2 protein chains.
Amino acid sequence: MLKLCRQYLNWIQNSVFEGEITEVKLKELKFRASDIMKMETDSLIIFHTRQEKWLEKEVVGREKSTLDNIL
Amino acid sequence: MLKLCRQYLNWIQNSVFEGEITEVKLKELKFRASDIMKMETDSLIIFHTRQEKWLEKEVVGREKSTLDNIL
């Protein structure tokens with residue numbers, strides 16, 4: 001799942017990913033995720049925002065370095 | 001950390017919480033979290049949105065029942 005999500009988004013923490021994605025790519029990601037999820041127990045929660053400025057991000061503690069995204 | 005965050009927000013998945021919180025309560029939560037976090041390695045990421053309608057939520061797979069929030 002981690003591997004799959006990282007193909008579409010940036011991994012920010014544990015099971016949390018963030019990024020800009022097109023409707024088509026999101027549909028593809030959901031389709032591929034459903035394939036590897038146990039639908040009765042697992043869940044994938046998607047928060048959409050249409051404009052980046054509507055969402056403010058604040059980090060307390062260690063900020064993930066860009067290096068982490070490459071590893 | 002889970003216990004602390006659940007005093008302020010609803011637990012939605014793994015290390016993800018959601019909810020409405022006042023500025024004062026958020027400050028308190030950040031303060032209390034810093035106290036138990038290893039600041040060099042751990043991170044707490046906060047996504048703010050001023051209006052709920054700016055954020056759309058979509059769940060694929062199992063939707064956490066309200067019961068889970070009580071357990």
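The values are calculated or read from the model by the stated rules, or taken from the named source; none is laboratory data. A quick note: this is a predicted structure, and the numbers were derived from the prediction, not measured. With ideal geometry, Cβ positions are generated from the backbone for all residues, glycine too; neighbour counts draw on all protein chains shown. For accessibility, only protein heavy atoms count, side chains too; no ligands or nucleic acids. Shrake-Rupley method; radii C 1.70, N 1.55, O 1.52, S 1.80 Å.
Being farther than 18 Å from A:Phe47 by Cβ, among the charged types (D, E, K, R), more than 10 Å from the chain's Cα centre (by Cα) and within 12 Å of chain A (Cβ to nearest Cβ) is the requirement here; does B:Lys64 meet it? No, not satisfied.
Going by the conditions given, is B:Glu23 within 11 Å of chain A (Cβ to nearest Cβ) and either among the acidic types (Asp, Glu) or open to solvent by less than 70 Å² (accessible area, probe 1.4 Å) (or both)? Against the criterion (within 11 Å of chain A (Cβ to nearest Cβ) and either among the acidic types (Asp, Glu) or open to solvent by less than 70 Å² (accessible area, probe 1.4 Å) (or both)), B:Glu23 does not qualify. When the range A:26-49 is limited to residues that are open to solvent by 70 Å² or more (accessible area, probe 1.4 Å) and within 17 Å of B:Glu56 (Cβ to Cβ), the one that is modelled with the lowest pLDDT turns out to be A:Phe47.
One residue stands out among those in the range B:7-17 that are open to solvent by 60 Å² or more (accessible area, probe 1.4 Å) and without any contact (Cβ under 8 Å) to a residue 40 or more places away in the chain: the one that is nearest to the other protein chains (Cβ to nearest Cβ), which is B:Asn14. Among residues of the range B:31-43 that are more than 7 Å from chain A (Cβ to nearest Cβ) and in contact (Cβ under 8 Å) with a residue 12 or more places away in the chain, those with a beta-carbon under 6 Å from a residue that is surrounded by 11 or more Cβ atoms within 10 Å (Cβ to Cβ) and outside any loop (DSSP other than H, G, I, E, B) at least six positions away or on a different chain give the pairs B:Arg32/B:Leu4.
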